[in-house]
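Here the structure is laid out as structure tokens; the discussion comes afterwards.
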There are 2 protein chains.
Amino acid sequence: MSEHHRPVPRVGMVGGGQLARMTHQAGIALGVDFRVLAGSPSDSAARVCGDVHLGDDRGRDDLLAFAKSCDVLTFDHEHVPEPVLREIEEAGARVRPSRAALEHAQDKLRMRTRAEELGVPCPRWRMVTALGQIEAFAGETGWPVVLKAARGGYDGKGVWVAADSAQAREVLERAAENGVQLLAEERVSFRRELAVQVARSPYGQLAVYPVVETVQRDGICREVIAPAPGLDDEKATAAQQLAIDLAHALNVAGVLAVELFETDRGVVVNELAMRPHNSGHWTMDGARTSQFEQHLRAVLDLPLGSPRSTAPYTVMANVLGGEDPAVYERYIHVMAKDPEAKVHFYGKQVRPGRKIGHVNVAGEDPADLLARARDAASYLRGDQG
Amino acid sequence: MSEHHRPVPRVGMVGGGQLARMTHQAGIALGVDFRVLAGSPSDSAARVCGDVHLGDDRGRDDLLAFAKSCDVLTFDHEHVPEPVLREIEEAGARVRPSRAALEHAQDKLRMRTRAEELGVPCPRWRMVTALGQIEAFAGETGWPVVLKAARGGYDGKGVWVAADSAQAREVLERAAENGVQLLAEERVSFRRELAVQVARSPYGQLAVYPVVETVQRDGICREVIAPAPGLDDEKATAAQQLAIDLAHALNVAGVLAVELFETDRGVVVNELAMRPHNSGHWTMDGARTSQFEQHLRAVLDLPLGSPRSTAPYTVMANVLGGEDPAVYERYIHVMAKDPEAKVHFYGKQVRPGRKIGHVNVAGEDPADLLARARDAASYLRGDQG
């Protein structure tokens, strides 16, 4: 075989964010060709990847050309329009996850409908187009009501919490102006939020990760504790089985993240993501196979890697941008204080509240690990020192 | 700070081999800018790195220009000529390790001389320029005698074993023709080969990894077992101390690998390398901080990461090229058979005997891990199936 032959497949990832960046990192070890479609050379993945195609990662022409240049197409985000996905598939490209699978992560209405058919526990929900429908729904569930855009959203948001009829009207009117279809969902009274990740290959092999606890503040994931402390084995297994069943039923290829609420009556499904996900960043330093390697193995239809944990607990804390962008100057303190902390930076411009990196800490005691991960992330943000 | 400012340092690595490739991988997490000087776009590191400068990685002009474009210069190999290193340092570049440190990895004569001054145990050795000197040396140590080129070598080799005077004459004559200075060394009767890696920062911080056993066949490292099985604590600590002392005395910045022979009278130093080293590839899946991340932290003068093992044992096996270059087609078997095996490929063209990747397996039982790592590597080479 000459050097001009390409003996390994080329995976093309749509989108140049941090998920593509970390997938590239995993692809280096596998020795596969990894190409990214990024909007700008300063995108997180474009800054480190050897094979960057600049273009519109939601635009038909760029996507079609990009897909043609790759053996397998996969995604850093879920924003590729469905008609474009259909066209790419019809042109013969291997799209993983497929359009038919991906629509359940793109469209909350389809996801809820399908989950209900499958008997998967969900919050009570209803498609709503008029205020009267929301009010009737609130009559059953009580206020506040969670209103979600089925696809996309407006004003940079896709979820709103309406405390009363007046707030609901406002959301509804803006949604109508923006051509956005809404769902009403009950505001679930939960003990905590959980997540499960499962990888599935086209061959049908599955590998499921431990159930994790995710901690959100102001609607942003802040910490993940793997495994979820104090979750009994039976509940954990049930949550894993739910994710497995969903991955099979939706014919997922790649990694599926299932976000869950833990309630008094068991878990209910909040959201789905069909790509590497923030709730799985802990696997980079806490599992035998990271979610990024696993995603690549799955979309390439290679046998999956062991999802086994390599430490009793691993805690991840997201690093959000603060006021002071000089993150690197704070490395010295964080690294000196905790030589076990694993810092992962995304090479993104610092903006307040933006996810710019994460820290993993693995060990025995989840409370200690959480304190250390939080401390490192908060120092890197610039809250201390 | 605008997007046009570069808030993180740029590390430049000289040489586009697999060590640069894996250092790039570690640099992605640290979020530092990593630039590589490679001879060809098909070089192992050049295939995956986002910032590749093509040029002669041993040539004065290209090296000087490259050094100027980076905040810190470091190395994938030890072949940059000393006068060029001197010129780069005189131009004000931060060279880590420095020319003065690096010469002990480049020149075996200087290394032996310095090690002797430091009281570090070495094989008996002598600088030799005439057959009579070799014969006299063999009179003390017995035949065979190991002849080594102080720098470089000829016919692609730098070490020869002379069984008798006639063979020694042949090596000596070819060395003289090629302007190569020779050392004679006793052939050490060893139980096994060991290695220790230590990282040192310019600030003077040190982090030492466990002592490992290295298994060579036909002069090529084939397996590494971390830690070296059955090595008692006292001997292990002494070997680590020896590496620490050498790193301090030679003023190393970066990772230093010390290759050792374990003999009945203790350990003796075989070779030094001042860069990430094959004996440390196990750290990618078996230590909290990989040697590649550690090297970057050291040359950037950041606090070092924990060198702690994350499993009782980790075994690495090199994958050598075989007759059949279709390595990727064999992934499916290796990954299906052992979901815990970590495959690392270098993206290099397959040539018989060439190191094209490695496999790490971590766990409890070194014999089991060794069998599995060997099996995976041998399958990937194409010896089975």
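General remarks:
- Calculated [222 nm] ellipticity per residue, helices only, for chain A: -10000 deg cm²/dmol; basis is -39500 (n - 2.57) per DSSP H run with n ≥ 4, divided by all residues, nearest 500.
- Computed over segment B:318-385, the ratio Rg/Rh where both radii use C-alpha atoms and Rh is Kirkwood: 0.95
- Label distances, nm, A:Glu117 versus same residue in remaining copies, Cβ-directed 7 Å point: 7.9
- Between A:Gly92, A:Leu131, A:Leu182, the Cα set farthest toward the positive side of the dipole of segment A:83-240 (charges on each charged residue's Cβ, about the Cα centre) is that of A:Gly92.
- Chain A against chain B buries an accessible area of about 4200 Å², both chains summed, 1.4 Å probe radius.
- Relative contact order (percent, whole number), chain A, Cα cutoff 8 Å, 6+ residue spacing: 13
- Neighbourhood charge, 14 Å Cβ-Cβ cut-off, centred on A:Ala105 and excluding it, Lys, Arg +1 and Asp, Glu -1: +3
- Plainly put, the tip 7 Å out from Cα toward Cβ on B:Gly139 is 11.3 nm from that tip on each other copy, the closest given first.
- Per the Kirkwood formula applied to alpha carbons, segment A:124-186 shows a radius of gyration over Rh ratio, Rg over Rh, of 0.92.
- Computed lengthening from B:Ser40 to B:Ser165, 0.36 nm per intervening residue step minus Cα-Cα distance: 40.7 nm
- Here's the picture: charge each Lys and Arg Cβ at +1 and each Asp and Glu Cβ at -1 in the protein assembly as shown, and of B:Gly353, A:Ala326, A:Gly16 the one pushed furthest to the positive end of that dipole is A:Gly16.
- Here segment A:107-147 is treated as an ellipsoid with the same Cα gyration tensor; its semi-axes, largest first and in whole Å, are 20, 12, 8.
- Taking every C-alpha pair closer than 8 Å and separated by at least 6 residues, the mean separation divided by the residue count of segment B:192-381 gives a relative contact order of 21 percent.
- Interface residues of segment B:317-355, defined as those with an accessible-area decrease of at least 20 Å² between the chain by itself and the complete set of protein chains (probe 1.4 Å), are B:Pro325, B:Tyr328, B:Tyr331, B:Ile332, B:Met335, B:Pro339, B:Glu340, B:Lys342, B:Val343, B:Phe345, B:Gln349.
- Taking the centroid of alpha carbons for each part, segment B:269-313 and segment B:340-370 are 17 Å apart.
- When only the Cβ of Lys, Arg, Asp and Glu is charged (+1, +1, -1, -1), the dipole of chain A relative to its Cα centre reaches about 440 debye.
- Equivalent ellipsoid of chain A: semi-axes from √(5λ) of the C-alpha gyration tensor, largest first, are 31, 27, 22 Å.
- Shown is the FRET efficiency for B:Ala326 and B:Asp232, computed with R0 = 56 Å from the Cβ-Cβ distance and rounded to the nearest 0.05: 0.80.
- Its Cα gyration tensor gives the protein assembly as shown an equivalent ellipsoid; the semi-axes, largest first and in whole Å, are 53, 25, 25.
- Spatial offset of segment B:14-60 relative to segment A:82-135 amounts to 43 Å, using the alpha carbon center of each.
- Accessible area in the full protein assembly, largest first, 1.4 Å probe, for B:Trp143, A:Trp125: B:Trp143, A:Trp125
- Label geometry 7 Å along the beta-carbon vector: A:Ala166 inter-copy distances in nm: 10.7
- Computed extension length for B:Thr113-B:Asp155: 12.5 nm, one decimal, from 0.36 nm per residue of separation with the Cα-Cα distance subtracted.
- Only Lys, Arg, Asp and Glu carry charge here, each on its Cβ (+1 for the first two, -1 for the last two); on that basis segment B:192-381 has a dipole of about 620 debye about its Cα centre.
- Modelled label positions at A:Arg265 and B:Arg124, each set 7 Å beyond Cα in the direction of Cβ, lie 8.7 nm from each other.
- Separation of the alpha carbons by more than 30 angstrom is noted, of B:Lys148/B:Lys235; A:Lys157/B:Lys342; B:Lys108/B:Lys355; A:Lys348/B:Lys68; A:Lys148/A:Lys355, for A:Lys157/B:Lys342.
- Note on segment B:1-157: Cα-only Rg and Dmax are 19.6, 71 Å.
- Full extension of the chain between A:Ser189 and A:Glu87 yields a length gain of 32.6 nm, computed as 0.36 nm times the residue separation minus the alpha carbon distance.
- For the peptide B:45-58, the mean number of other protein chain Cβ atoms found within 10 angstrom of a residue's Cβ is 3.
- The residues of segment B:34-159 expose, per residue, 43 Å² of accessible area to a 1.4 Å probe.
- Euclidean distance between Cα centres, segment A:147-187 to segment B:153-184, Å: 81
- Projected onto its three principal axes, the C-alpha set of segment B:201-330 covers 47, 39, 27 Å, listed from the longest axis down.
- Helical segments meeting 27 Å axial Cα length and Kyte-Doolittle 1.6 threshold in chain B (DSSP H): none
- Surface composition of chain B: carbon and sulfur make up 47 percent of the accessible area, probe 1.4 Å.
- Considering only B:His53, A:Leu30, B:Gly119, and ranking their Cα positions along the charge dipole of the protein assembly as shown that arises from unit charges at the beta-carbon of Lys, Arg, Asp and Glu, the one farthest toward the positive end is B:His53.
- When the surface is traced with a 1.4 Å probe over the full set of protein chains, A:Thr129 keeps roughly 90 Å² accessible.
- Counting only Cβ charges, +1 for Lys and Arg and -1 for Asp and Glu, the dipole size of the protein assembly as shown around its Cα centre is about 620 debye.
The values are calculated or read from the model by the stated rules, or taken from the named source; none is laboratory data. None of the values given here were measured: they were computed from a predicted structure. All Cβ positions, even for glycine, are placed from backbone atoms using ideal geometry, and neighbour counts span all protein chains on display. These accessible areas exclude ligands, DNA and RNA; they are computed on the full protein's heavy atoms, side chains included. Shrake-Rupley method; radii C 1.70, N 1.55, O 1.52, S 1.80 Å.
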